[in-house]
Amino acid sequence: MKNYIYLDNAATTKASSQAIAALNRYSDAMYYNPSASYAPALEVKRALSEASQTLASLLGASKEEIIFTSCATESNNYAFECGIKNKKGNVVVSATEHASVYESALRLKNKGFEVRFVAPNSDGTITPQNILPYIDSNTAFVSVIHCSNETGAVNDISAISSTVKKISPKAVIHSDGVQAFCKIPVNVSKLGVDLYSVSAHKVGGLKGVGALYVKKGFNMQPFIVGGGQQNNRRSGTENVCGIIGFAESAKACRKKAENFNGKFFRDIFIETLKGNADFIVNGNKENSGYILSLSFRGLRGEIISHLMEDRGVLIGLGSACSTHIRTNRVLDAMGVEKAYSNGSVRISFSPDNTEQEIRYAANALKEAVCELNEKMKG
Ligand code: PLP
């Protein structure tokens, strides 16, 4: 296997040493079912409870407020399926959501709910001002992504939730925190959310594990029923190794984030390309330092990405889950001209990337784009 420079960390991350250690320990020496009553199983149960506590602390929550799921897609589906009290009222969702939120909202619409999609600003952000015209006293559920997986735009969820609650105090606030968790400071009570989704494999955990924060006192009915695990809130034998690895990886990811200056990496790309390509940066200066979304005029993102792969650098096109869809729903909603949006790539960093890798990759991108532009002229 070729040794690539990996710059698609918003799609998934390399499993951390902690995740691998948990995988080994809890599928081998400690493989017991945490619901069993013999001593080694109780030890596994205790380890699960500690993992809940670790994740809860990273979210500013208590461990009773954490429900583990199979992925953030499930967490988002769960929030939409079971988070609307009395199944009444209108639903307000930003137009910049990940497909798992967007499709959940469309499903509610098909069931007869009034769903209102909020257009973002041209930098991809959703502000209280954007949301305000869509909220009324009948608003039952609001979902706004914390950090965009497409552009890295960070939304002020705290300001949004307080704006919404002033007009509709009973509205449930959900936020998809997959790209924010452990990367920017997250405290669910400061954010004012009732529900918050996270995923393990974006923070060095294994694929197939997620969690949903459910605020204390919120009567959330189960989405998946069966053996009554997790206090009847989500049945199914817990993914023990995945959950324990998630908690340990999240802790390590948060620690690395404290010393990581992703904006430095972003600037290397932007400075290298300036004057050499006709491009726009989707986002703003307050963006997450982990994601850089660029659109090149007159080019195609897939071709740029292939040329980068030829040069040993892996980058993304946008949401990993929607690469088969030709148009980019989020960039379209932001009003990015087609001539640019067709040539979009998403570069997403890890604190483990080195400056040398980033300089190499930025030069490779400059070369790839210049080569394509020459071909277009010829
Ligand atoms: N939400 C966001 C913002 C994401 O970036 C992703 C993954 O790309 C998901 C949800 C889905 O996460 P999972 O792969 O755990 O289902």
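Give segment 5-22 a look and list any residue that's exposed (fewer than 14 other Cβ atoms within 10 Å of the Cβ) and either assigned to a loop (DSSP other than H, G, I, E, B) or aliphatic (A, V, I, L, M) (or both), or say none. Break it down stepwise before answering.
Here is the first cut: in segment 5-22, the ones exposed (fewer than 14 other Cβ atoms within 10 Å of the Cβ) are 14, 17.
Result: Lys14, single match.
When residues of segment 214-270 are filtered for being touching a strand residue (DSSP E or B) at 6+ places or on another chain (Cβ under 8 Å) and among the β-branched types (Val, Ile, Thr), how many remain? Total meeting the criteria: 3.
Can you confirm whether segment 225-239 contains a residue that is under 22 Å from the mean Cα position of the chain (by Cα) and on the phi > 0 side of the Ramachandran plot? So far as segment 225-239 goes, no, none of its residues is under 22 Å from the mean Cα position of the chain (by Cα) and on the phi > 0 side of the Ramachandran plot.
Pick from Thr54, Thr12: which is within 12 Å of the ligand (Cβ to nearest atom) and not acidic (Asp, Glu)? If you could, list the steps in order and put the result at the bottom.
Working: Thr54 fails: within 12 Å of the ligand (Cβ to nearest atom).
Exactly one of Thr54, Thr12 is within 12 Å of the ligand (Cβ to nearest atom) and not acidic (Asp, Glu), namely Thr12.
Just to verify a result, which residue in segment 186-208, among those that are within 10 Å of the ligand (Cβ to nearest atom) and of a type in the set (A, V, I, L, M), is surrounded by the fewest Cβ atoms within 10 Å (Cβ to Cβ)? Talk me through it step by step, then tell me what you get.
Quick first cut of segment 186-208, residues within 10 Å of the ligand (Cβ to nearest atom) only: 197-202, 205, 207-208.
Next, from what is left, pick out any that are of a type in the set (A, V, I, L, M): 198, 200.
Details: Val198: 30, Ala200: 33.
So the residue we want is Val198.
Yes/no matrix, rows are residues, columns are (1) within 14 Å of the ligand (Cβ to nearest atom); (2) modelled with pLDDT of 95 or more; (3) among the polar types (S, T, N, Q):
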{"position": "Phe68", "(1), (2), (3)": "yes, yes, no"}
{"position": "Ala79", "(1), (2), (3)": "yes, yes, no"}
{"position": "Lys87", "(1), (2), (3)": "no, no, no"}
{"position": "Val101", "(1), (2), (3)": "yes, yes, no"}
{"position": "Arg116", "(1), (2), (3)": "no, yes, no"}
{"position": "Asn121", "(1), (2), (3)": "no, yes, yes"}
{"position": "Val144", "(1), (2), (3)": "yes, yes, no"}
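Summed over segment 266-300, the residues that are closer than 13 Å to Arg346 by Cα, within 21 Å of the chain's Cα centre (by Cα) and not polar (S, T, N, Q) give a count of 8. When segment 209-231 is filtered for residues that are farther than 20 Å from Pro34 by Cα, more than 15 Å from the ligand (Cβ to nearest atom) and not charged (D, E, K, R), the ones remaining, listed by number, are Val214, Gly217, Phe218, Asn219, Met220, Gln221.
For segment 330-378, filtering for residues that are over 23 Å from Tyr6 (Cβ atoms) and of a type in the set (Gly, Ala, Ser) leaves 5.
Before we move on, is Asp194 in contact with a His (Cβ under 9 Å, 6 or more places away or on another chain), at pLDDT 95 or above and charged (D, E, K, R)? Here the answer is yes, as Asp194 does meet what is asked.
Select the strands (runs of 3 or more DSSP E) contained entirely in segment 170-254, then report the ones holding at least 1 residues which are closer than 20 Å to Ser348 by Cα and touching a residue at least 40 places away in the same chain (Cβ under 8 Å).
On the way: elements: 172-176, 195-199, 210-214.
Where strands (runs of 3 or more DSSP E) fall fully within segment 170-254 and carry at least 1 residues being closer than 20 Å to Ser348 by Cα and touching a residue at least 40 places away in the same chain (Cβ under 8 Å), they are 172-176, 195-199.
Among the residues of segment 365-378, just one is within 15 Å of Ile270 (Cβ to Cβ) and surrounded by fewer than 20 Cβ atoms within 10 Å (Cβ to Cβ), namely Lys366.
The values are calculated or read from the model by the stated rules, or taken from the named source; none is laboratory data. Predicted model only: the values in this text are computed from it and were never measured. Counting neighbours? That spans all protein chains shown, and the Cβs are built from the backbone with ideal geometry, glycine included.
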